[in-house]
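J.: Encoded as structure tokens, here's the structure I'll be asking about.
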Amino acid sequence: MPTLCRDCLHSSSAENRCPECGSPRLLKHTELNNLSIAHMDCDAFYASVEKRDNPDIRDKPVIIGGGKRGVVSTACYIARIKGVRSAMPMFKALDLCPEAVIVKPRMEKYVEVSRQIKALMEELTPVIEPLSLDEAFLDLTGTERLHGAPPATLMARLVKRIEEDIGVSASVGLSHNKFLAKIASDLDKPRGYSIIGKAETEEFLSKQRVSVIWGVGRTFQETLERDGIRTIADLKRRERKDLGLRYGSMGDRLWHLARGLDHRSVSSRDGTKSITNETTFNIDTADPQLLEGHLWRLGEKVSDRAKAKSLAGKVVMVKLKRANHASLTRRITLPEPTQMANVIYRAAQPLLAKALPEGPFRLIGVGLTGLTSSEMADTSPDLLDPDAKTRTAAERATDEIRQRFGTDAILKGRALR
């Protein structure tokens, strides 16, 4: 059986340890050198970056988030042992792991590290489909002739370089389509590398619960279970027509994925559909000055992420959540795509003003959707706002200064509210 050492990348047919370096981290599979669709996912990405930059917290449970009424962005694996999970309310996370070190997110840093990782991916293949800052699909079909090694070896080399050169770890799934590669990357985290071959697809899936299928969240899973469908084996016993009648287009998707059929190609277009940022308050507020201050800061973070990903959006949205957790979302479509913080803020400000009578609020968020390449963004003169061009030029200059001297080198007065 083909075998690859994940530490020294030596290929052999060894059973237990690498004959070159003695490592037990061997990757063995009959289809090892025949699969080319990969999914790579960094392990507890935000927390890993923070531990890399602060060795004092390396062996401690770390939670990325903030405020007792906020939610967990990421938890390191030490905190996860205690039951802490992403999107969990902070108060619950601290009940489970009171000794945790709480670190506020540093999105600028995470974007920077993400770009470094993507640059390493691009050395292997141009066909990369990002799903978020810390995960992506890669299609390595045809790359063996170029790099002199099969895709399995190239992916092992990639995660080794990421760990050694950048300082964070990642897990890999390798298969013959995106659905199975994504499942494989979750099988052995952290620092995992799992393979699902064509020959074993049906046997492997038959043992899985329906929750492994994309789009089957908790609510839909409960619906399926009420209908007697708990496992993929249960799904396979249902007729395609019946699934379609019961669950619509999702039923047809379930029928295909239950058989390991996924004909979607890896798309090198950016997979990001929206860029959002939000914050939760310790005390509910309807103070317009305080809310506008947060509106600017959140819009600036959205702008920074859009610029880092060379994206722009045509729809600005404001999200508000009342004390009873009811959500309000307001949107406005711009004349042209933008990535500028000032444009986002000026579009969001009247949306907030109209919603203020419905406060107080416990959360505010800003988002940018309708995303496209930034090449044609913020180019047309605004005849109704003759100062727009000047503000855009000033913001570009501010960005250059911050890149050289840090994000706090220049602050707008409204950011201090």
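The values are calculated or read from the model by the stated rules, or taken from the named source; none is laboratory data. Keep in mind that what you see is a predicted model, and the values were worked out from it rather than measured. Every residue, glycine among them, receives a Cβ derived from its backbone with ideal geometry; neighbour counts consider all protein chains shown. Protein only, heavy atoms only, side chains kept; ligands, DNA and RNA dropped before computing areas. Shrake-Rupley method; radii C 1.70, N 1.55, O 1.52, S 1.80 Å.
J.: On the protein heavy atoms, probe 1.4 angstrom, tell me the percent of accessible surface of the stretch 1-57 carried by carbon and sulfur. Walk me through the numbers before you get to the answer.
T.: On the way: 1130 of 2580 Å².
Summing carbon and sulfur atoms, their accessible area is 44 percent of the total for the stretch 1-57.
J.: Once P(r) over Cα pairs in 10 Å bins from 0, in percent is worked out from the coordinates, which option in (i) 4, 19, 25, 22, 15, 8, 5, 2, 0; (ii) 5, 22, 33, 28, 11, 1, 0; (iii) 4, 18, 25, 27, 17, 7, 1, 0 does it equal?
T.: Among (i) 4, 19, 25, 22, 15, 8, 5, 2, 0; (ii) 5, 22, 33, 28, 11, 1, 0; (iii) 4, 18, 25, 27, 17, 7, 1, 0, the one calculated here is (iii).
J.: Given the peptides 322-331, 9-18, arrange them by the average over their residues of other C-beta atoms within 10 Å, most packed first.
T.: 9-18, 322-331
J.: List the lysines whose Cα lies under 22 Å from the Cα of Lys28, skipping any in the same chain that are fewer than 8 positions away.
T.: Once the sequence-local lysines are set aside, what remains near Lys28 is Lys160, Lys178, Lys182, Lys189, Lys198, Lys207.
J.: Among the lysines, which fall within straight-line cross-link reach of Lys307, defined as a Cα-Cα distance under 17 Å, with same-chain neighbours fewer than 8 residues apart omitted?
T.: Filter leaves Lys109, Lys118, Lys273.
J.: Let me ask something else. Rg to Rh for the stretch 86-189: what is it, with Cα atoms only and Rh by Kirkwood?
T.: Details: Rg = 16.5 Å, Rh = 15.7 Å.
When Rh is taken as the Kirkwood radius, the ratio is 1.05.
J.: Given the options Val168, Val212, Val315, which has the most mean-square fluctuation in a GNM of the chain, springs set between C-alpha atoms less than 10 angstrom apart?
T.: Greatest mean-square fluctuation among the candidates belongs to Val212.
J.: Filter the trypsin sites (Lys or Arg not before Pro) in the stretch 204-301 to those in DSSP coil with at most 11 other Cβ atoms within 10 Å of their Cβ, and list the result.
T.: Taking the stretch 204-301 and a limit of 11 other Cβ atoms within 10 Å, the loop trypsin sites (Lys or Arg not before Pro) found are Lys207, Arg237, Arg264, Arg269, Lys273.
J.: Kindly report the accessible area of the chain per residue (heavy atoms of protein chains, probe 1.4 Å, no ligands, DNA or RNA), in Å². Could the numbers behind the result be given before it?
T.: Values: 21160 Å² over 417 residues.
Result: 51 Å² of accessible area for each residue.
J.: Give the carbon-plus-sulfur fraction of the accessible surface of the stretch 172-253 in %, rounded to a whole number; probe 1.4 Å, heavy atoms of protein chains only. Please report the intermediate quantities before stating the final value.
T.: On the way: 1890 of 4270 Å².
For the stretch 172-253, the apolar C and S fraction of the accessible surface comes to 44 percent.
J.: Between the stretch 239-306 and the stretch 169-211, how many Å separate their Cα centres?
T.: Value for the Cα centre distance between the two parts: 23 Å.
J.: Next question, about the same structure. Determine the dipole magnitude for the chain: charges of +1 sit on the beta-carbon of Lys and Arg, -1 on that of Asp and Glu, nothing else is charged, the reference point is the Cα centre, and the result goes in debye to the nearest 20.
T.: Details: 66 positive and 55 negative charges, 209 e Å.
It works out to roughly 1000 debye.
J.: Let me ask something else. Students sometimes get this wrong: rank Glu99, Glu163 by accessible area, probe 1.4 Å, all chains present, largest first. Intermediate values should be presented prior to the final figure.
T.: Details: Glu99 90, Glu163 70 Å².
Ranked list, largest accessible area first: Glu99, Glu163.
J.: Taking the Cβ-Cβ separation of Ala233 and Ser86 as r and a Förster radius of 35 Å, what is the calculated FRET efficiency to the nearest 0.05?
T.: Values: r = 29 Å, r/R0 = 0.84.
Given R0 = 35 Å and the Cβ-Cβ separation, E is 0.75.
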